[in-house]
Amino acid sequence: MRSAAGAAIAAGIMTVGLITSITGTFLPWLKSGMTTRDSYEVLSLRDLAGLDGVAGGVVTSVWVGLTPLAMIAAVLYVVRFRRIAACVGLLFGTISGTVALLATVQGDSKGALVGISIAGPAVTLAGAVLTIVGAITVLTSNRRSAVITSGGNP
């Protein structure tokens, strides 16, 4: 995509990816019996996983910080800092996509008392992939065009 319209479409894809990923964080990530928990509720159980110290605080801060990071990327694009917005989108997609990929790979544990619900991680992963594809396309698009003068030289 070498045109301004192509870069705008890529930014739109990145934005759809950001929204999809954030939506996926609110879908079920863990199921326990008949109860499902989204990713933020799972974070409240971090002390059970042995992440009650500094590591747990870092994990929680980074994950909760994804929504503001997505907002920052969108605002940066609106105020015409397209490449910075794409870099923030890459950071967002990498963090959310890595966590979602790990959870998705663990798969749906049917019949288990406690297991991963595939809905939240899969939607978050799909959004992360869209975000990364859109961001890379924005970064690699050439937004400048040559102006041809009457002499024929650009």
(request) Answer yes or no as to whether ARG2 is out of contact with any helix residue (DSSP H, G or I) (no Cβ under 8 Å at 6 or more places or on another chain), under 23 Å from GLY89 (Cβ atoms) and either at pLDDT 85 or above or of a type in the set (D, E, K, R) (or both). (result) yes
(message) Can you pull out every residue in the stretch 95-129 that is at pLDDT below 95 and farther than 21 Å from GLU41 by Cα?
(response) GLY111
(request) Take the residues in the stretch 130-145 that are closer than 13 Å to ALA8 by Cα and loosely packed, with under 13 Cβ neighbours inside 10 Å, then tell me which one is modelled with the highest pLDDT. (result) THR140
(message) Which count do you get for residues in the stretch 4-25 that are free of Cβ contacts under 8 Å to residues at least 40 places away in the same chain and exposed (fewer than 15 other Cβ atoms within 10 Å of the Cβ)?
(response) 1
(request) Tell me, yes or no, whether the stretch 51-58 has at least one residue that is at pLDDT 80 or above and at negative phi. (result) yes
(message) If I go through the stretch 70-121 residue by residue, how many of them are touching a Phe, Trp or Tyr at 6+ places or on another chain (Cβ under 8 Å), in a helix (DSSP H, G or I) and over 29 Å from ILE9 (Cα atoms)?
(response) 1
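The values are calculated or read from the model by the stated rules, or taken from the named source; none is laboratory data. These numbers come from a predicted model, not from an experiment. As a convention, Cβ positions derive from the backbone with ideal geometry for all residues, glycine included, and neighbour counts pool all protein chains shown.
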